[in-house]
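A short write-up of the structure that comes next.
The values are calculated or read from the model by the stated rules, or taken from the named source; none is laboratory data. On a predicted model such as this, the values are computed, not experimentally measured, just so you know. Glycine also receives a Cβ, built like all others from the backbone with ideal geometry; neighbour counts cover every protein chain displayed.
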């Protein structure tokens with residue numbers, strides 16, 4: 001991948017990590033191991049090792065199930081405050097490692113910020129979903145987040161420009177919804 005495509009890929013993968021920290025890690029590990037779509041340079045090539053893939057897959061499965069269970073999902077989101085930005089940093093570094101377009105420290109910071117913002121958006125929206133649906137909507141929203149993380153992860157490798165645009169659109173949509181939620185209704189005359 002050339003420098004600019006690697007950078008766009010890094011943004012897409014880090015955004016996906018904010019939605020689900022494990023899906024993009026598993027996606028790039030599997031794609032690096034079994035296809036020529038992505039090559040992970042050392043030390044990030046550890047993500048394609050069979051044992052690491054198995055561990056990430058098991059944790060991802062537990063997270064996929066746990067995030068659909070009320071109360072467990074809140075605990076997972078609390079852990080995600082640390083895990084999502086950490087995964088975002090690793091993913092940004094891994095995607096940027098072959099191009100070297102961005103200094104590794106800056107790349108890690110970008111990954112932390114992008115994934116942290118996406119996770120923060122997710123964590124901000126979830127209580128609203130809980131309140132408006134009595135918690136019934138949480139598994140549906142969780143499933144949609146997981147699907148979005150998978151699609152964004154694959155797009156980040158195959159079509160990085162589209163992944164970047166999708167991530168940007170998601171950010172703009174979240175900001176618009178947040179602005180709308182914060183608006184107070186005008187008092188009746």
Verdict on residue 81 being assigned to a helix (DSSP H, G or I), in contact with a helix residue (DSSP H, G or I) (Cβ under 9 Å, 6 or more places away or on another chain) and farther than 20 Å from residue 155 by Cα:
yes
Among (1) within 14 Å of the chain's Cα centre (by Cα); (2) under 30 Å from residue 128 (Cα atoms); (3) surrounded by 15 or more Cβ atoms within 10 Å (Cβ to Cβ), residue 74 falls short only on (1)
Odd one out for residue 138 among (1) buried (at least 20 other Cβ atoms within 10 Å of the Cβ); (2) modelled with pLDDT of 90 or more
(2)
Here are some residues: 16, 57, 42, 10. Which one is free of Cβ contacts under 8 Å to residues at least 40 places away in the same chain, on the phi < 0 side of the Ramachandran plot, out of contact with any strand residue (DSSP E or B) (no Cβ under 6 Å at 6 or more places or on another chain) and assigned to a helix (DSSP H, G or I)?
57
Cβ-Cβ below 9 Å, separation at least six or inter-chain, first residue in segment 106-135 and in a loop (DSSP other than H, G, I, E, B), second surrounded by 14 or more Cβ atoms within 10 Å (Cβ to Cβ): which pairs?
135/129
Candidate set from segment 94-105 (those that are surrounded by fewer than 20 Cβ atoms within 10 Å (Cβ to Cβ) and in a helix (DSSP H, G or I)); member that is modelled with the lowest pLDDT:
104
Where residue 91 falls short, out of the listed (1) surrounded by fewer than 13 Cβ atoms within 10 Å (Cβ to Cβ); (2) part of a helix (DSSP H, G or I); (3) in contact (Cβ under 8 Å) with a residue 40 or more places away in the chain
(1)
In segment 60-78, what residues are outside any loop (DSSP other than H, G, I, E, B) and under 23 Å from residue 117 (Cα atoms)?
60, 63, 64, 66, 72, 73, 74, 75, 76, 77, 78
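Given the criteria more than 24 Å from residue 159 (Cβ to Cβ) and at pLDDT 95 or above, does residue 49 qualify?
Details: more than 24 Å from residue 159 (Cβ to Cβ): yes; at pLDDT 95 or above: yes.
So residue 49 passes the test.
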